[in-house]
Structure formats: C-alpha cells, structure tokens
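The values are calculated or read from the model by the stated rules, or taken from the named source; none is laboratory data. Predicted model only: the values in this text are computed from it and were never measured. Counting neighbours? That spans all protein chains shown, and the Cβs are built from the backbone with ideal geometry, glycine included. Please note that ligands, DNA and RNA were not included when accessible areas were found on the heavy atoms of the full protein model with its side chains. Shrake-Rupley method; radii C 1.70, N 1.55, O 1.52, S 1.80 Å.
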Amino acid sequence: MPNPTPLLDKVLSPADTRDFSLAELKQLAQEVRAETIESVSVTGGHLGAGLGVVELTVALHHVFETPRDILIWDVGHQAYPHKILTGRRDRMKTLRQGGGLSGFTKRAESEYDPFGAAHAATSISAALGFAAARNAKGEDNKVIAVIGDGSLSAGMAYEAMNNAEAHKQLIVVLNDNDMSIAPPVGSMSAYLARVVSGGGYQSLRNLGKKVAHALPKSLQEAARKAEEYTRGMVTGGTFFEELGFHYVGPIDGHDLGALVPVLKNAREIDRPVLVHVVTQKGKGYAPAENAADKYHGVVKFNVVTGEQAKAAAGPPSYTKVFAQALVKEAEKDDRIVAITAAMPSGTGLDIFEKAFPKRMFDVGIAEQHAVTFAAGMAADGMKPFCAIYSTFLQRGYDQVVHDVAIQRLPVRFAMDRAGLVGADGPTHAGSFDVGFMGALPGMILMAAADEVELARMVATAAEIDDRPSAFRYPRGEGLGLEMPAVNEPLEIGKGRIVREGTSVAIISFGTRLGESLKAADLLAARGLSATVADARFAKPLDIDLILRLAREHEAIVTVEEGAMGGFGAFVLQALAEHGALDRGLKIRTLALPDVFQDQDKPDLMYAQAGLDADGIVAGALSALGLDNVSTAGRRA
C-alpha cells in the first residue's frame, strides 16, 4: 500500500511550493522520497542518485522560479524527484517504458527540462550558453547547473568553469556524494556557508574591494589573495575561486534548513557561485543505504524488503563473456592491461580487476584521457584493451583519430552496448561506431554474432600488435552456446558462410545473424533459397566472399545494428569499386532508421527498425521485386 502523500497531492507544479514553510518543505521531501521509491519499484531504473537529491530538488524548486529560471541536471539519472515535482507524477510508472517518460531529462518532455542530458559533464557548458543568451537578450532570470562530483573527473566541466566568469550570474551546485561531514563540522560549515553567501558579507567584501582599489597594484593583489585564502582555509574552495567562482560550502544537502537560505543568498550574488552540497546516495531508504552500489541502477523490487526481482537464470551476458575472455588472454600475456572510464562493473572489468588488480585502470569519467592513456601504454609496448560503451567512445573520438589511428598504435577498443539498448533510449544507443571507426585508415573493425565469436575476437585483438582494432557487442545475454576451452583467433578480414542458398544472400554484421537465419527460413517457406553469411569484419571487408556472393546471387541484403553509413555502405562501395553493380545486382542495406529511437523493449525497437526476421524478409523480397514494400525494408 503506497504511503499517503497529502502535501505532494497539492503540488501540481513547483510554483505550488513557493509559499511552503520549512516544516512543509521537509514533509514534502519525505513524500517525494516515498513516491520515488514506489515508482522505481514498479519500473526499475536509477534509484540511489535520485534519493540522494530529494531535499536539494525540493529546495531548488522552492527558491527558484522554474521554468523561468533555468535548472539543468547533469547526466539526468538523478532527476526522478524533479519529474515528480514538475507535473509528471502521474506518468512516473511509465519511466523507461515504450511511449513513457525518459529515464533522463528531455526537452521534448517538459518545459522544466530546458536541456536534455544522459552523458556526464555537459551541464555547466549548457548553463553558460543559457546565461550568455539571457545576457544578450537583456533578461534577468537565473541559471542553475547541478553536477555530481563524479562528473568533475570529465575535463569538459573544467573547460566550462574556466569560461564562467565572463557570464555573470550563474549558480553551479556541486552535488558531492563522495564526502562525509561529521555533525559538528557540518553545523559549522552550514553556518559559514550562510555567512559567506549572505548580503552582509558580500557588502563588506565589496567595501573591502573599493578600499583595495585605492592601494598600489601589488597591495591590491595581496589583499585579494588574503581574503580568498582566509575564506579558503575555513570553507575550502580555493580552486573554484581561481576559476572565477564565489565558493560556498560544504553544506549538508539533506538539511533544508541549511539549503534554503544558502540558495536564496546565492540567488542574489551577481557573479558565478559554486554551492558545494554533500549528499548520500540512497538516502532515506535503508536497503539502498546499506547496498554497496547504493541501488544505483535497479530492476523491479519489493519496497518493504528492497529485494530485487530475479530474472530467470540464462546464459552469461556478452559483457561477462568479454571479461572472462580477456582474463584468459591476460593469463598468457602480462603485457595485457585493461582501461575503463568509470564503468568497471558496466564493462565487466571488475572481473578483470579481481584477477589482475595492478593491470586494471579506471580513469574516471574521462574518455578522452582513457583513449590517449591507452595510446601511451601501447606506444611503450603494452597491450591495452580500452573498454568503453559505444555511446561514450563518441566523447573520445578525436583521441581515437589523432592519438591512436594516425600513429597506428595497437590500442584495442572493446565497444560494449553496441546497437539499441532498450530502456536507456537514444542517449545510450551504440548506433554510430561502425561508421566512425570504420572510416579510419588502418583500423580493424569486428562485430560478434554470438558469445563464442566475441571470445574469439578478444583473442584476435590480443594478437593484433601493429595497428588499432575494435570489436563491438550488444547489451544482454548471449545465446547459451558452449564456450570452447581455447579461444582461437580469427583470420583477419575473413567472414564465414553459415547457410548456403541460391536466390538471395543475406550478409549479417553482428548479432542480427540469428534473425537473418530466421529470415532465411521464412524465405524458404516462400520457395526462395537464401545464403546467410556472417561478415565478422567491417574493416577489412572480406572482398572475396562479397564478390562471390554477388556473382552467385540475384540480390544481396546487408544487415547491421548501426546507423546508415556503416557496414552496408562499406559493402556498397566495395561492390562499386569492383564493378559488381554493373551487371544488374540488386541490393538492400538494412540499418537503423534515420531517427533517434525512443526507449522500448529491444525486440520491439529492432522490429520497428525493420531489423527483425520479418524486416529482413521484407528487404529481400523488395530487392527481388516480389512484394510491395518500401526500399528501407519496411512494409509500405
């Protein structure tokens, strides 16, 4: 039975909280926390981060006039309480579902989401853009960015802070959940924060500046540093002061009595302000507080016990298969090291770390650094495997080009979450890596059709020591195939025929191979014989195999879990270069549609994209001129 929420029931928008007393705000926070727990217990999703910012969310919407005042959440996975307070409470149990609310902030979803997010460290740059636009238009609204301490490991946050001073009024709230404040220190810190953010202190500070301006320049600088470092010694924050921010904090992010007055004071300061709040992930829900991961990401769970629903036992995930295969290779070669950017469990490298703690490097949310760090290790004879989600590798692409590919350094990129990722939606989909990695001279690019192929690709990458390589694999479980005792490396640039036919050739790149085989069965039922090939490599292509299929079949259909401009485009170019299109060969390239697909169950998303068995059949029939279907492989 859900907890009663009498105060929250009256809140239809943040404006309804503006006249609340401190006692009412505290009660509202309790009710929002209960509502968050109840909602996520039904849908699954990110829980710990949201529970950690309930009081902060209530305080921000109470103090500031959102949506006129711009409030930007970094990453956005902590924004569930924000969604509850901004008119989306009745849809919270559609979170991360098809047709439902996004698990992150999203401009198309609400006017209270002025900037979409899901990747880290974008909030301050976006906030500066809003502040500059406000200043250009002569308006006076406030701009607030909320960023977690984890995101501060990403260089983009510092690039933005280094430019903040020129844009006047801006508030950055540093949500620090990696720090603790003992009660006495916390009380003193809250008091000091109120003092240094208050009007009296600001007036005295401005008077001091005026007096200092009458002094010689050398004494002016000495006075500035004396004030700055005196405050820095007491409250911390000298580093942020050097970047042009007025630092306030640290304060207890769960104490509304401290938060509200400090935010009100910060609202009145006409320069960039950094408010340092200390929070606890999972706050207020004992199972989350006591869990090692603070219930960062959960499936459906029992609210009373916190017990998460257990999925039926199935095959190991592709992520686990990758990690176990890498451990096997590392046992044979002590030059193999692993690198991740703040995703040790997400990439499976926590398994590698248990086996080889001194050979695993977690560099934080710093994909650019991760790539160049790997390049440096490769340049000095090590064998780095850089395991980064496909979507996050986009953040380090310049380094892939400049620091790895141009120098032909043997960095091995393990690109997890390739293709569509279901509930996390378009921000986390691995849609573009085939195109952007395949465009690089010298790059070897592979995609696993199943878990055995993935393990063999890990072994293949371990042997490639004269150029960079990459292999992609999806989220989710493998097929349950028996894993070999020894993972034999693949021959570079060679695919395989899985099924022989005569009429149409289906060339699959990645885990759509299973759907391709189903499509061949459906075509056979129509009297059409289909060859099915597993390309294995997008670069270098198996030109001999592709030309043979072109000679022996009336039509070719390519299938991939990526955007246009990827594997299908490479095949088309190869066929054109070898004159194979000059003899009337019919071809369809099936790729993801030219849209950002919203979240849903992966099977439904692939069906919508025309990349299930029915979609592949439709593409084949279209190529052969035997059905009234669209050229994209979807029914007209």
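The table below gives the values:
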read-out: Spatial separation of Cα centroids for region 405-457 and region 71-98, in angstrom; value: 31
read-out: Of (i) -0.44, -0.58, -0.83; (ii) -0.39, -0.52, -0.82; (iii) -0.32, -0.44, -0.74, the label for log10 I(q)/I(0) by the Debye sum over Cα atoms at q = 0.06, 0.07, 0.09 Å⁻¹ derived from the coordinates; value: (ii)
read-out: Counted charge near Gly396, where neighbours are those whose Cβ lies closer than 13 Å (Asp, Glu -1; Lys, Arg +1); value: -3
read-out: Sorted peptide list for 400-406, 300-306, 372-378, criterion being average Cβ within 10 angstrom, highest first; value: 372-378, 400-406, 300-306
read-out: Per-selection metrics, region 381-529 (Cα): Rg and Dmax in Å; value: 16.7, 55
read-out: Pairs of Cα atoms farther than 18 Å apart, region 1-116, %; value: 44
read-out: The chain, accessible area per residue, ligands and nucleic acids excluded (1.4 Å, Å²); value: 41
read-out: Region 453-532: radius of gyration and largest Cα-Cα distance (Dmax), Å; value: 15.3, 48
read-out: Projected area, mean over directions - region 65-145, Cα convex hull, nm²; value: 5.2
read-out: Carbon plus sulfur fraction of accessible area for region 261-416, probe 1.4 Å, in percent; value: 53
read-out: Highest to lowest packing among 418-425, 105-112, 434-441, scored as the average C-beta count within 10 Å; value: 418-425, 434-441, 105-112
read-out: Net +/- balance of residues flanking Asp149 in space, Cβ distance below 9 Å, scoring K and R +1, D and E -1; value: -2
read-out: Between region 298-377 and region 8-53, the alpha-carbon center distance in angstrom; value: 34
read-out: C-alpha long axis of helix 54-63 to longest principal axis of the chain, angle in °; value: 60
read-out: C-alpha long axis of helix 451-463 to longest principal axis of the chain, angle in °; value: 80
read-out: Percent antiparallel among DSSP beta bridges (both partners in the chain, rounded to 5); value: 15
read-out: Other-chain or far-sequence residues with amide H under 5 Å of Ala505's (modelled H); value: Thr531, Ala555, Ile556, Val557
read-out: Degrees, to the nearest 10: 318-332 long Cα axis against longest axis of the chain; value: 80
read-out: Positive minus negative residues near Pro474 (Lys, Arg vs Asp, Glu; Cβ under 9 Å); value: +1
